[in-house]
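S.K.: I'd like to ask some things about the structure below.
Coordinate-derived values only; no laboratory data. These numbers come from a predicted model, not from an experiment. Positions of Cβ are generated from backbone atoms using ideal geometry, with glycine treated the same way; all protein chains shown enter the neighbour counts.
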Amino acid sequence: MKTMTVGEFKSHFSDVVDQVKAGASFAVTYGRKKEIVGYFLPEAQIVKPKRKLGILEGKAKATFKSDYQMTEEDFLG
């Protein structure tokens, strides 16, 4: 993982995006102590936790068909 300051990140943003598309990852630092304030990673490296069903975990499961579509009205309820 490469490290760069916020200023460098801003100056070279389009180059960084190209490198991230190619699989590179970056840590962005800020301040005199160069503390890491964020990461810029390819989407493939992001670990997405599974959603839990709360008190029904292990007792039930929810599955949706691949052709399921929710309308905006359904979503906003």
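S.K.: Restricting attention to the chain, which chymotrypsin sites (Phe, Trp or Tyr not before Pro) occupy a DSSP loop and are surrounded by at most 14 other Cβ atoms within 10 Å?
M.R.: F64, Y68
S.K.: Now a separate question. When the Cα centres of the stretch 59-74 and the stretch 23-38 are compared, how far apart do they sit, in Å?
M.R.: Taking the Cα centre of each part, the stretch 59-74 and the stretch 23-38 sit 38 Å apart.
S.K.: Over all directions, the average projected area of the alpha-carbon convex hull for the chain comes to how many nm²?
M.R.: Result: a mean projected hull area of 9.6 nm².
S.K.: A 32 angstrom limit on the alpha carbon distance is what I want to check against. Which of K21/K50; K10/K48; K2/K65; K2/K48 exceed it?
M.R.: K2/K65
S.K.: If you don't mind, there's one more thing I want to ask. For the stretch 63-75, in order, what is each residue's ³J(HN,Hα) by Karplus, 6.51 cos²θ - 1.76 cosθ + 1.60 with θ = phi - 60°, in whole Hz (x at glycine and Pro)?
M.R.: Calculated HN-Hα couplings, in order: 10, 10, 5, 5, 9, 5, 10, 9, 7, 4, 5, 5, 5 Hz.
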